Amino acid sequence: MFEDVWVSYPASITVVRRYWGKSLDGNLMEVLNIKFQRSLRSLYFWSKVKVYDLSRLKEKFKKEIADLQLEEANDGCLSDEKLMVLRSKVNEFNTTLDQLNTWLRKRAKVKWLEDGDKNSMFFHIVVNGRRNENFINQVDEEGNMVDDPKSVEEIFFKAFSNNWRE
């Protein structure tokens, strides 16, 4: 399966080009399938090292940034060279966080596909969580908080009636 995080690595293009550029004989559809399979397999093995290092890389950048910030706090300022290093570390840290976030979102989708449509505890937790997030249990009306469900409904009905009168 294609991983979205692969797109964020420039080296992934080289991995794909290596297998995509090889000439093969046969039916065009079979050639296309073989190139896809080989590219995906090589990306998979290439990324095993890269993706699993994301958490370690995140912690490494976090520590280096904290050290530089502590040095700045103690000395009052950083030299131009160290300030550039700090900026590059922050940029690399943000890039790593983005890649890790992309990878984790994909994992959440896989978990949902595996357990989401079953009548499982996971499914009910997700559905109830979404319902609770979207539920409006109190409304501010002219400085007073109203939490009676019938009153909340009437306030919304009045507001929408006034907005859509025409």
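Summary of values
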quantity: Residues that are surrounded by 10 or more Cβ atoms within 10 Å (Cβ to Cβ) and among the basic types (Lys, Arg), drawn from the stretch 123-143; calculated: Arg130
quantity: Pick from the stretch 44-67, criterion modelled with pLDDT of 85 or more and surrounded by 15 or more Cβ atoms within 10 Å (Cβ to Cβ), ranking: farthest from Lys89 (Cα to Cα); calculated: Lys60
quantity: Any chance Ser120 is modelled with pLDDT under 80 and surrounded by 11 or more Cβ atoms within 10 Å (Cβ to Cβ); calculated: yes
quantity: Selection count where residues are at pLDDT 80 or above and either in a helix (DSSP H, G or I) or on the phi > 0 side of the Ramachandran plot (or both), scope the stretch 142-155; calculated: 7
quantity: Which listed residue, of Ser88, Ser55, Ser79, is more than 21 Å from Ala11 (Cα to Cα) and polar (S, T, N, Q); calculated: Ser79
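The values are calculated or read from the model by the stated rules, or taken from the named source; none is laboratory data. None of the values given here were measured: they were computed from a predicted structure. Note that each Cβ is placed from the backbone with ideal geometry, even for glycine, and that neighbours are counted across all protein chains shown.
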